[in-house]
1. Using helices alone, what [θ] at 222 nm do you get for chain B, with -39,500 (n - 2.57) per DSSP H run of 4 or more residues, divided over all residues and rounded to the nearest 500?
2. Could you pull out every residue, at least 5 positions away or on a different chain, whose amide H is within less than 5 Å of the one on residue A:3? Hs are placed 1.01 Å off N in the peptide plane, and Pro or chain starts have none.
3. What ranking of A:39, B:72, B:43, B:78 emerges when the number of other C-beta atoms within 10 Å of each C-beta is taken as an exposure proxy, fewest first?
4. If one computes the Cα centroid of the stretch A:8-52 and of the stretch B:50-107, what distance in Å separates the two points?
5. For a quick check, take a GNM of chain B with Cα springs below 10 Å and name the residue from B:15, B:102, B:61 with the largest mean-square fluctuation.
Amino acid sequence: MKNRLRVLRAERRWSQAELAERLGVSRQTVNAIETERYDPSLPLAFGIARVFSLSIEAIFLEGTNDADNAASETRAREKVAPAGS
Amino acid sequence: MEPKARIDNQGQKPTARARGWRQFIIGLIVYVVIVLAEGLFVDRSGLTPVLGVVLALLPMTAAVWGMLGWLDAIRTFDELQQKIFSEAGLMSLGVTAAVTFTYGFLETLLGAPRLSMFVVWPLIAASYLVTLPLTRRRYE
């Protein structure tokens, strides 16, 4: 599953270790989620959403093909910064 | 704000993890000591059946206690670490099954020397040492 974790973390200037500590997981887990080698459980996804003060849909992007992902990413960006704001 | 539990670089709670590993290591040491003591000091010919069963089970109580510590330690890991340990464990069981079945066929068909069941556990442990880093690499 695609996600915007790396971008969101970079925006806040957090290291992977820092984010891992906030989430109570290992740095390897953060790295695996960022590189999309591992999809987090629902409780951890909620934890990530809480840490970034965003909804889960604004971080994790549904869809399996590029078109779906592009549409999903656009929707996620609109949730973070609504159009016209 | 609720204070955060201290987490080390493996996403684990160090105290609970250390307690679990300590129990595991002590359990194994006690197991080895009991096995050696029984081998050195117990006269098997003079044992009653009940005492024989008790002495046979005694080392395993220490081993099971140690394994419970191992489980406690693993339960302090985060979800990805637990997944890695589980996958590696399943792979090592598969490797052990393949090796023992293959050797079993060699015993039957080619008359290879019979091996004790006691080689199975070291084989699981040895294959685990290989499957764990391999599984870990998949998520790096």
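1. Numbers: 4 runs with 106 residues, N = 140.
My calculation for chain B gives -27000 deg cm²/dmol from helical runs alone.
2. When sequence neighbours closer than 5 places are left aside, the close amide H contacts are A:61.
3. Details: A:39 12, B:72 16, B:43 6, B:78 24.
Result, fewest neighbours first: B:43, A:39, B:72, B:78.
4. Taking the Cα centre of each part, the stretch A:8-52 and the stretch B:50-107 sit 32 Å apart.
5. In the Gaussian network model the winner is B:102.
Only the coordinates and a few stated rules stand behind these numbers; no lab work does. On a predicted model such as this, the values are computed, not experimentally measured, just so you know. Note that we place each Cβ from the backbone using ideal geometry, even for glycine, and neighbour counts take in every protein chain shown.
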